[in-house]
């Protein structure tokens, strides 16, 4: 009996389903395209989580703990599911998995019921009797290492500068700047700063002052902290040779979130003032402060108020206020627009009680 040869495509029997008929009649190029699309789909949805009610979420596994699993999906972003509600997990992505036994494996994870398997380069490893305590992707930091990095103190620096002028009927020139260095960790913060401004109008000095200081804070039991600070100020317009303030006390964080911080302070302070007139005064008093930092979108709003009354005479006090908004311009660069108010209830002769200033700083930050 002679073999039957086909001169064209294979003709499927009439009783086969239409889809199968189409596949069998497809040419080699079409079949390769279909296989490529199927392979691509399996890559795009490499990870899946099946819940106890049969729901399936496809995406990329981004976090796994003993309590919950997070999968990154296209339709809903990051979705976190409690571990008790999960029936099955399949992840082909090569990730690191730390086990409670101390071992760390690299591979794809499959969990079905009580069975856990990690497919490594050396074969499948059954880890049913072990607990996965942490997971992270290739190129990412081990979570334990990340905690140590975040807890470590690190320096950040800031330089701000502004220049303003006017010519014509009135000749004005004003310059100002600020340098700051901050050493911070989750529990401590040390701030060092110095600032100054100088202004002239028609050749006459209208503003000339220099300020500097150190501020240290350490957090204790939430929401409390303790602080100590030293500040110095020289102001030629106020005929102030030097004002030195040393303060210490307790702080309380009324709001402490990543995008909103509100902190109050209450302590004791000693202020020493020496004037060009030869007057020297030293007075102990109360140190009251309120600080707020609020992030809205890419803008940062900051306000700081300090109130310092003297013990022997509460009608003698100073208030220092600054509010500004930071507007990002580029990486490490920002524009800072703000206002300052310095009030002295008993100023030196010939000077006003309230001194108000406005500024527009170009700010550079780096680490």
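Values in this text are rule-based calculations from the coordinates and carry no lab data. Quick caveat: nothing in here was measured; it's all calculated off a predicted structure. Please note: Cβ atoms are built from the backbone with ideal geometry, for glycine as well, and neighbour counts cover all protein chains shown.
Please work out the C-alpha center-to-center distance from the range 270-317 to the range 100-156 and express it in whole Å.
If we compute the Cα centre of each part, the gap is 51 Å.
Let's test this: bin the Cα-Cα distances of the range 305-367 at 10 Å from zero up to the farthest pair and state each bin's percent.
Answer for the range 305-367: a P(r) of 20, 34, 24, 16, 6, 0 percent.
Report, as a whole number in µm² per second, the diffusion coefficient that Stokes-Einstein gives for the range 170-232 at 37 °C and 0.692 mPa s using the Kirkwood radius over alpha carbon pairs.
234
Rank-order 230-238, 136-144 by packing density, defined as the average count of other C-beta atoms within 10 Å over each peptide's residues, highest first.
230-238, 136-144
Does the chain come out rounded, prolate or oblate, given a ≥ b ≥ c as the square roots of the eigenvalues of its C-alpha gyration tensor, rounded meaning a/c under 1.5 and, failing that, prolate meaning a/b above b/c?
Prolate, since a/c reaches 1.5 and a/b exceeds b/c.
Mind ordering 158-170, 47-59 by average Cβ neighbours within 10 Å, highest first?
Per-residue Cβ counts within 10 Å, averaged per peptide and sorted highest first, yield 47-59, 158-170.
In what sequence, highest mean first, do 121-128, 336-343 appear when ranked by Cβ atoms within 10 angstrom?
Most protected by this proxy first, the peptides run 336-343, 121-128.
Report relative contact order for the range 224-367 in percent, whole number only (criteria: Cα-Cα under 8 Å, sequence separation at least 6).
14
How far apart, in nanometres, would the label points at residue 191 and residue 204 be if each is projected 7 angstrom from Cα along the Cα-to-Cβ direction?
Each label point is offset 7 Å from its Cα along the Cβ direction, giving 3.5 nm.
Let me make sure I get this right: for the range 189-304, a, b and c are the square roots of the gyration tensor eigenvalues over alpha carbons, sorted descending. Under 1.5 in a/c it's rounded, otherwise prolate if a/b > b/c, else oblate. Which is it?
It comes out oblate by the Cα gyration axes.
Please give the calculated 222 nm ellipticity per residue for the chain, where each DSSP H segment of at least 4 residues contributes -39500 (n - 2.57) and the sum is spread over every residue; nearest 500 deg cm²/dmol?
-3000 deg cm²/dmol
What shape does the range 236-335 take by its C-alpha gyration tensor, where a ≥ b ≥ c are the square roots of the eigenvalues and a/c under 1.5 counts as rounded, a/b above b/c as prolate, and the rest as oblate?
Taking the square roots of the gyration eigenvalues as a ≥ b ≥ c, the range 236-335 is oblate.
Any idea what the relative contact order of the range 173-219 is, in percent, if you count C-alpha pairs under 8 Å spaced at least 6 apart?
Computed over the range 173-219, the figure is 37 percent.
Just the Cα atoms of the range 153-366: what Rg and Dmax do they give in Å?
18.2, 60
Over the chain, calculate the relative contact order: mean separation of alpha carbon pairs under 8 Å at least 6 apart, over the residue count, as a percent.
It comes to 7 percent, rounded to a whole number.
To the nearest 10 degrees, how steep is helix 28-44 against the longest Cα principal axis of the chain, on a 0 to 90 scale?
Compared with the principal axis, the helix lies near 40 degrees.
When the chain is fully extended, how far beyond the present Cα-Cα distance does residue 122 get from residue 173, taking 0.36 nm per residue of separation?
11.0 nm
Taking just the alpha carbons, could you work out the radius of gyration and Dmax for the range 45-146, both in angstroms?
Values for the range 45-146 (Cα only, Rg and Dmax): 12.8, 37 Å.
So if R0 is 45 Å, what FRET efficiency would residue 72 and residue 164 give, r being the distance between their Cβ atoms, rounded to the nearest 0.05?
0.40
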